[in-house]
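The values are calculated or read from the model by the stated rules, or taken from the named source; none is laboratory data. Keep in mind that this is a model prediction, so the values were computed, not measured. Ideal geometry is used to build each Cβ from the backbone, glycine not excepted, and the neighbour counts take in all protein chains shown.
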Amino acid sequence: MSDLRELYQSVILDHNRTPRNFGELEGANRSAQGYNPLCGDQVTVYLAVEDGLVKGVSFSGSGCAISTAAASLMTQSIKGKPEDEVQRIFEGFRRLVTANPRHEVDAEGLGKLAVFSGVREFPMRVKCATLVWHTMRAALERAGEPVTTE
Amino acid sequence: MRAARDRALPPRFDPERVRMDFPILQQKVHGKPLVFLDSAASAQKPQAVLDAMSHFYASDYANIHRGVYELSLRATQAFEGAREKVRDFLNAAEAREIVFVRGTTEAINLVAQSFGREHVGPGDEVLITAMEHHSNIVPWQTLCQEKRALLRVAPIDDRGQLILDEFEKLLSPRTRIAALTHVSNALGSVNPVGEMVRMAHARGIPVLVDGAQAVPHRHVDVRSLDCDFYAFSGHKLFGPTGIGCLYGKAALLEAMAPWQGGGEMILSVSFEKTVFKEIPHKFEAGTPDITGAIGLSAAIDYLTALDLDAAGACEAELLAYGADELAAIPGLRLIGTAEDKASVLSFVLEGIHPHDVGTILDQEGIAVRTGHHCAQPVMAHFGVPATVRASLAVYNTRGDLDALVRGLRRVREVFD
């Protein structure tokens, strides 16, 4: 049960219920789609990038609580950040959710994203948390193909 | 003989006792007794199947149909004995009408690639239903694209039942084959296959039946159904993975070209010409899953000894009980409420994604399937991306369903 509470922390449940920056972004100049064939999760990430800065970000789509909260919290954590810092946050986030559960949590520089540390106890759910991040990176790098978790 | 004996002494069917035959079910998961409700994906194996396979490897194993030595003889007899077992199980006329394949998927691909490529041409039609598993969609879609033929789909209603009139209307002079599921894996709906076969045959159209979800739950008699092809997988029938069967009427199989070439399926090979073996061997290129067939044979023995009719009655009662209990959970919507239904309780919980439901249930030791169940068109029909699916088998009890209901209340607690 404690593992479950670790996974479904109140912040995650809150962002699932009322996702932030949800919907198409006006003035977006980049976007990408992501798809998880395992559970049918679909997400589109919209970015407004100017002078190497993520000025605006939003997402749309449907998915489980973990993927919706991951998308919502991602938008908050990268908004206003330079591209290279966004990449660094992404790497930190990926380390957080795929780390060995026996090791200490390393959430340095991740701020609120640390609520996802419980995901590492649930290997089947890692893709739920990372799909939107991969999709965001594809948008950032202007890759045309839809991203999948496979 | 078997039927006569059953009438004389009806054995009481007790799922609690059946459960004891399955070693994997005697464990705890996350500290809770395992409640396995995902048999529609793959069923667990009784000790008798494990023993049969282990004994075969330990005592009788060799390649089949070649060696003149004792072990090869024993292995060949066991393998062909398994074929005869399947024939009897399906009540096929002859053992040569049973082709061993990897599973239902391979069986359907075999028919699409051999029979389909021969008979389907530009402008022709292949008819399926809206409740097919991807494995009874994709092989036909690929064939139709290649042949510039049309894939027609018979619709289902809001309860997940086939609309029989529409199916009949779609049987056209251009229909070259109808491929339909016996029991829907995502909804549990049972199709009136016998009637559908009669409708198709009245127009000279052959029928393939996907029986993957049917054989674990009811007697299947291919001669009374009169279907032309019937496919099923061993692993859903309490047998091992890697083995399945295609039944085909002898005359059809004989007229069909081999699908794969190689050893085991030939009479003679020269660089100029190869002469193929008779059916079923011309469809069994390469060394087959010999031990898989032995395991499947043991699974059929196990299942038929249980008394399938009594087990079916017990399951129907369990299914009705589960449907009632689930319906009482606030915000729960059952997907698929067909009049004639087998094994499957598919549902969504308002505001909670099936994936989250599955993770929380797992923490309670309950194994269910969450996702689109390889039936995305079915999900689209009901306007959901995915469902939670609990599916029943001979070893499931009321206790399992009570645990599921408790688990779902737990899900609500976590989310509210």
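Quick notes
- Some residue of segment A:75-88 being hydrophobic (A, V, I, L, M, F, W, C) and under 26 Å from B:His355 (Cα atoms): no
- Some residue of segment B:93-102 being among the hydrophobic types (A, V, I, L, M, F, W, C), more than 22 Å from the chain's Cα centre (by Cα) and surrounded by 23 or more Cβ atoms within 10 Å (Cβ to Cβ): no
- Taking the criterion of being of a type in the set (A, V, I, L, M, F, W, C), free of Cβ contacts under 8 Å to residues at least 40 places away in the same chain and surrounded by fewer than 22 Cβ atoms within 10 Å (Cβ to Cβ), the only residue of segment B:120-142 that qualifies is B:Val138.
- Yes/no for B:Asp324 being without any contact (Cβ under 8 Å) to a residue 12 or more places away in the chain and more than 9 Å from chain A (Cβ to nearest Cβ): yes
- Flag if B:Ala403 is away from every other protein chain (no Cβ under 13 Å), outside any helix (DSSP H, G or I) and in contact (Cβ under 8 Å) with a residue 60 or more places away in the chain: no
- Of all the criteria given as (1) within 13 Å of chain B (Cβ to nearest Cβ); (2) surrounded by fewer than 14 Cβ atoms within 10 Å (Cβ to Cβ); (3) of a type in the set (Asp, Glu), the one not satisfied by A:Glu6 is (2).
- With respect to the conditions (1) within 23 Å of B:Ser233 (Cα to Cα); (2) touching a helix residue (DSSP H, G or I) at 6+ places or on another chain (Cβ under 6 Å); (3) of a type outside the set (S, T, N, Q); (4) not in a helix (DSSP H, G or I), B:His65 lacks only one, and its number is (1).
- Filtering segment A:32-66 to residues that are facing another protein chain (nearest Cβ under 8 Å) and not in a loop (DSSP other than H, G, I, E, B) leaves A:Asp41, A:Gln42, A:Ser62, A:Ala65, A:Ile66.
Residue by residue, here is whether (1) among the aliphatic types (A, V, I, L, M); (2) touching a His at 6+ places or on another chain (Cβ under 6 Å); (3) under 17 Å from B:Leu401 (Cβ atoms) holds:
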{"site": "B:Ala298", "(1), (2), (3)": "yes, no, no"}
{"site": "B:Ala305", "(1), (2), (3)": "yes, no, no"}
{"site": "B:Ala323", "(1), (2), (3)": "yes, no, yes"}
{"site": "B:Leu334", "(1), (2), (3)": "yes, no, yes"}
{"site": "B:His355", "(1), (2), (3)": "no, no, no"}
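- When B:Arg83, B:Arg87 are checked against the criterion of being more than 25 Å from B:Ser172 (Cα to Cα), touching a residue at least 60 places away in the same chain (Cβ under 8 Å), charged (D, E, K, R) and assigned to a helix (DSSP H, G or I), B:Arg83 stands alone in meeting it.
- Unmet requirement for B:Ser343, which otherwise passes all of (1) surrounded by 22 or more Cβ atoms within 10 Å (Cβ to Cβ); (2) within 19 Å of A:Gly40 (Cα to Cα); (3) not aromatic (Phe, Trp, Tyr): (2)
- Among the candidates B:Ala43, B:Ala58, B:Ala107, residue that is among the aliphatic types (A, V, I, L, M) and surrounded by fewer than 13 Cβ atoms within 10 Å (Cβ to Cβ): B:Ala58
- Residue in segment A:14-24 that is touching a residue at least 40 places away in the same chain (Cβ under 8 Å), assigned to a loop (DSSP other than H, G, I, E, B) and within 9 Å of chain B (Cβ to nearest Cβ) present: no
- Of all residues in segment A:69-77, one or more are at pLDDT 95 or above, out of contact with any Pro (no Cβ under 9 Å at 6 or more places or on another chain), assigned to a helix (DSSP H, G or I) and within 13 Å of chain B (Cβ to nearest Cβ).
- Looking only at residues in segment A:98-128 that are aliphatic (A, V, I, L, M) and within 14 Å of chain B (Cβ to nearest Cβ), the one that is nearest to A:Thr148 (Cα to Cα) is A:Val126.
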